[in-house]
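Heads up, the thing below is written out as structure tokens.
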Amino acid sequence: MGEINVSSYNLGRFLADSAGTPARSYQAAFGARRFPGRQAAEIAVLLRRAADEALLGFTASDLAEQAEAIRTGQRYVLRIRVT
């Protein structure tokens with residue numbers, strides 16, 4: 001499970017349907033794509049790009065965990081702590 005701290009002002013950076021977000025959301029930047037046959041490292045590169053576009057500070061470890069879950073089709077839980 002991953003965890004990230006986000007201020008309430010920037011919470012919209014996660015969701016594609018957020019209004020008034022100053023950056024592209026993580027969800028929109030990454031998209032709802034499927035990645036059959038791709039390696040976790042390839043997916044992590046795309047996740048890093050999406051996180052950077054959304055101005056989110058995910059660690060390399062967070063992105064690696066997300067990429068592995070996407071690659072295997074497993075559920076991934078991300079805890080968002082709003083500050």
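Every read-out reported here was derived from the displayed coordinates using simple, explicitly stated rules and does not represent laboratory data. Predicted model, so just to flag it, every value in this text is computed and none were measured. In this analysis, Cβ positions are derived from the backbone assuming ideal geometry, glycine residues included, and neighbour counts consider all displayed protein chains.
What list do you get for Glu65, Glu3 if you sort them by fewest beta carbons within 10 Å? All intermediate terms of the calculation are to be shown ahead of the outcome.
On the way: Glu65 20, Glu3 11.
With the sparsest Cβ surroundings first, the list reads Glu3, Glu65.
What ranking do Asp52, Asp62 get, fewest neighbouring Cβ atoms within 10 angstrom at the top?
Details: Asp52 15, Asp62 20.
Listing Asp52, Asp62 from fewest to most nearby Cβ atoms yields Asp52, Asp62.
Just want the ordering: Val77, Val45, from fewest to most Cβ atoms lying within 10 Å of their own Cβ. Could you put the intermediate results ahead of the total?
Numbers: Val77 9, Val45 12.
Sorted ascending by nearby Cβ count, the order is Val77, Val45.
What distance in nm lies between label points placed 7 Å from Cα along the C-beta direction at Arg38 and Val77?
With each label placed 7 Å out from Cα toward Cβ, I get 2.6 nm.
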